Amino acid sequence: MGETTTAGKAARLGSQARAILIESLLVAAAGLALALAANFASPRGLSLSRNYFPPTANSPKPMAAAPHPGPSETNGVQRALGEAAERLRQRGLQPLHGQETLQLFRDPLFAQALIVFVDARDDSHYEAGHIPGAYQFDRYYPEKYLPTVLPACTIATKIVVYCTGGTCEDSEFAATTLKEAGMPADKVFVYVGGITEWTTNGWPVESGERNSGKVRGPNPP
């Protein structure tokens, strides 16, 4: 009996709530209709098509779309890469630019392990995307990577070390470490543009571990 009474009360409350909601909507609609009628009838009524808040000198302007890189920005990038290349030469290292690096990547000697690429970045950046087939060598943990990297570099005739590129110095330190470990200076090179330039050009990128097969991007022309 108690459950029946409770259910009946709930039903009545629900009906009352719906009735109140419907009544409120009807009152609001009637009020809006009266307001519109009074506005049209009054000579001082508001024009519904008029903009009463025109923009002023202090009004915020809409955001424009980001412009495409212009010649000045491109020249700035090239200038930065030129300065990085000069810094490498001053430290006794051989700089490589984009097309030179791409040619080495396409060289048949790369497939024969006679050209080796070395990525000097940390685990997260390396796994997110590196030049296909590149060995990882985080210079902060040489004892972890040298046992794998040194044998490959010893066989190679050319070693290309890279990092993010530009002002990033990880590749410089990694290349210096390889030289100090016995690699001849004339076969150690540093890719100035790094992975930033490589990905910007749309060249192939491998994610995950080395030779994972997870390669994205078209083959280089």
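The values are calculated or read from the model by the stated rules, or taken from the named source; none is laboratory data. Note that the coordinates shown come from a computational prediction; the quantities given were computed from them, not determined experimentally. Note: ideal-geometry Cβ built from the backbone for every residue, glycine included; neighbour counts use all protein chains shown.
Miscellaneous remarks
- Residue within the range 193-205 that is touching a residue at least 60 places away in the same chain (Cβ under 8 Å), closer than 14 Å to Leu96 by Cβ and assigned to a strand (DSSP E or B) present: no
- Filter result for His130 (more than 13 Å from Val188 (Cα to Cα), assigned by TED's automatic domain parsing to the domain that holds Gly208, in contact with a helix residue (DSSP H, G or I) (Cβ under 9 Å, 6 or more places away or on another chain) and surrounded by fewer than 20 Cβ atoms within 10 Å (Cβ to Cβ)): no
- Cβ-Cβ contacts under 8 Å between residues 6 or more apart (or on different chains), taken from a first residue in the range 173-192 that is within 24 Å of Ala80 (Cα to Cα) to a second residue that is among the hydroxyl-bearing types (Ser, Thr, Tyr) and part of a strand (DSSP E or B), are listed as Val190/Tyr162; Tyr191/Tyr162.
- Set Lys144, Lys187: member being assigned by TED's automatic domain parsing to the domain that holds Ser212, over 29 Å from Gly217 (Cα atoms) and either surrounded by fewer than 20 Cβ atoms within 10 Å (Cβ to Cβ) or not charged (D, E, K, R) (or both): Lys144
- Odd one out for Phe137, checked against (1) in contact (Cβ under 8 Å) with a residue 60 or more places away in the chain; (2) buried (at least 21 other Cβ atoms within 10 Å of the Cβ): (1)
- Answer residue from the range 206-215, given it is charged (D, E, K, R) and touching a residue at least 40 places away in the same chain (Cβ under 8 Å) and is surrounded by the fewest Cβ atoms within 10 Å (Cβ to Cβ) among those: Glu209
- Lone qualifier among Ala181, Ala174 - being surrounded by fewer than 17 Cβ atoms within 10 Å (Cβ to Cβ) and either in the same structural domain as Pro108 (by TED's automatic domain parsing) or among the β-branched types (Val, Ile, Thr) (or both): Ala181
- Screening Ser171, Ser207 for residues that are touching a Gly at 6+ places or on another chain (Cβ under 8 Å) and under 30 Å from Arg79 (Cβ atoms) leaves exactly one candidate, Ser171.
- Test: Thr196 is closer than 24 Å to Glu86 by Cα and either among the aliphatic types (A, V, I, L, M) or out of contact with any Ser or Thr (no Cβ under 6 Å at 6 or more places or on another chain) (or both): no
- A search for C-beta distances below 6 Å between a residue of the range 82-110 that is crowded, with 16+ Cβ neighbours inside 10 Å and any residue that is part of a helix (DSSP H, G or I), counting only pairs 6+ apart in sequence or on different chains, returns Leu93/Ala175; Pro95/Ala85; Pro95/Leu88; Gly98/Glu197.
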